[in-house]
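Written out below as structure tokens is the structure these notes cover.
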Amino acid sequence: RLLDEAGWVMRDDGYRYKDGKRFEFEDTISQGSTYSEKVAGYLTAQCAQVGIICNTRKIDWAIFAETLDNRDFDAITMAWSQSSPESDPYQLWHSSSIANRGDNFAQWSSPRADELIVRGRQTLDDTERMAIWHELHEVFYEEQPYTFLLNTPWIRFISRDVENVHTYPIGLDRNEMYFPAPMN
């Protein structure tokens with residue numbers, strides 16, 4: 001229904017067209033990634049059901065970063081994880097990170113997201129900042145700069161032999177931890 005409303009009309013050949021052009025795109029994945037290959041197969045099959053052609057382009061990991069920097073893709077399947085429970089969204093999501101081959105690979109520009117990111121970075125109160133990040137996630141949901149498929153829990157294991165382990169909202173500070181000297 002949404003494709004029809006957007007002007008992508010299904011023709012007798014089973015494909016969608018708009019302005020005489022068939023709906024076809026390329027999903028770039030990293031060569032050898034079992035997860036990405038499964039996602040690409042699923043995406044291709046789902047697109048075919050609604051009259052869209054999705055071609056998979058496999059590239060070697062060695063040139064993956066260059067492909068991102070050059071924005072040489074229609075769609076890209078990636079896996080990444082945060083380095084701490086609360087990561088700064090500025091690098092990936094703020095529109096200023098589009099320029100100069102920045103890390104906003106999707107080239108997503110949202111004035112509302114930019115405002116929330118700046119406000120969240122300036123807010124020291126944890127509860128207030130979390131409310132801002134939740135509002136930012138609503139913007140992600142509405143505007144879909146990425147389509148998140150999986151979010152695994154953020155779990156870290158520390159040996160009981162390690163001393164002075166403290167958890168903070170931003171994670172663990174390894175500089176505080178130590179192994180006690182053996183007692184003779």
Can you tell me the dipole magnitude for region 1-133 around its Cα centre, using point charges on the Cβ only (Lys, Arg +1; Asp, Glu -1), in Debye to the nearest 20?
-> 300
Do you know the relative contact order of region 8-112, to the nearest whole percent, from alpha carbon pairs under 8 angstrom that are 6+ apart?
-> 24
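If you roll a 1.4 Å probe over region 1-50 with all protein chains in place, what percent of the accessible area is carbon or sulfur?
Carbon-and-sulfur percentage of accessible area, whole number: 51.
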Hydrodynamic radius (Kirkwood) for region 22-91, which is based on Cα pairs only, to one decimal in Å | 13.5
Once you have the alpha carbon radius of gyration of region 66-139, what is it after dividing by 2.2 N^0.38 Å, with N set to its residue count?
-> 1.18
Given backbone amide H placed at 1.01 Å from N, residues whose amide H is under 5 Å from that of ILE76, ignoring those fewer than 5 places away on the same chain, are THR28
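DSSP beta bridges in the chain, what fraction antiparallel, as a percent rounded to 5? Numbers along the way, then the final one.
Details: 7 of 16 bridges.
Bridges in the chain that DSSP calls antiparallel: roughly 45 percent.
What is the magnitude of the charge dipole of region 31-88 about its Cα centre, with +1 placed on the Cβ of each Lys and Arg, -1 on the Cβ of each Asp and Glu, and no other charges, expressed in debye to the nearest 20?
Values: 4 positive and 8 negative charges, 69 e Å.
Magnitude of the dipole: close to 340 debye.
Working with all protein chains in place, sort THR34, THR28, THR44 by solvent-accessible area computed with a 1.4 Å probe, largest first.
Numbers: THR34 95, THR28 0, THR44 45 Å².
Listed by decreasing accessible area, they come as THR34, THR44, THR28.
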Along region 67-77, what does the Karplus equation 6.51 cos²θ - 1.76 cosθ + 1.60 (θ = phi - 60°) give for ³J(HN,Hα), rounded to whole Hz, x for Gly and Pro?
-> 4, 5, 4, 7, 6, 8, 7, 8, 9, 9, 9
Tell me, what is the per residue accessible area of region 114-167 in Å², probe radius 1.4 Å?
-> 81
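Once you keep just the Cα pairs under 8 angstrom separated by 6 or more residues, what percentage relative contact order results for the chain? Could you put the intermediate results ahead of the total?
On the way: 197 pairs, mean separation 26.0, N = 184.
For the chain, the relative contact order is 14 percent.
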How far is helix 34-49 tilted, in degrees, relative to the longest principal axis of the Cα atoms in the chain, given as a value from 0 to 90 rounded to the nearest 10?
-> 30
Roughly how tilted is helix 111-122, in degrees to the nearest 10 and between 0 and 90, from the longest Cα axis of the chain?
-> 0
Pick from SER30, SER109, SER159: which is most flexible by mean-square fluctuation in a GNM of the chain where alpha carbon atoms under 10 Å apart are linked?
-> SER159
Proximal aspartates and glutamates relative to LYS21, as straight alpha-carbon distance under 17 Å, when same-chain residues fewer than 8 apart are discounted = ASP4, GLU5, ASP12, ASP13, ASP74
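Would you kindly calculate the mean projected area, averaged across all directions, of the convex hull enclosing the Cα atoms of the chain, in square nanometres? Spell out each step's value before the answer.
Numbers: hull surface 62.4 nm².
About 15.6 nm², averaged over all directions.
The values are calculated or read from the model by the stated rules, or taken from the named source; none is laboratory data. Since this is a predicted model, take the numbers as computed values, not measurements. Positions of Cβ are backbone-derived with ideal geometry, glycine not excepted, and every protein chain shown enters the neighbour counts. The protein model used for the area step is the full one, side chains on, heavy atoms only, and it has no ligands, DNA or RNA in it. Shrake-Rupley method; radii C 1.70, N 1.55, O 1.52, S 1.80 Å.
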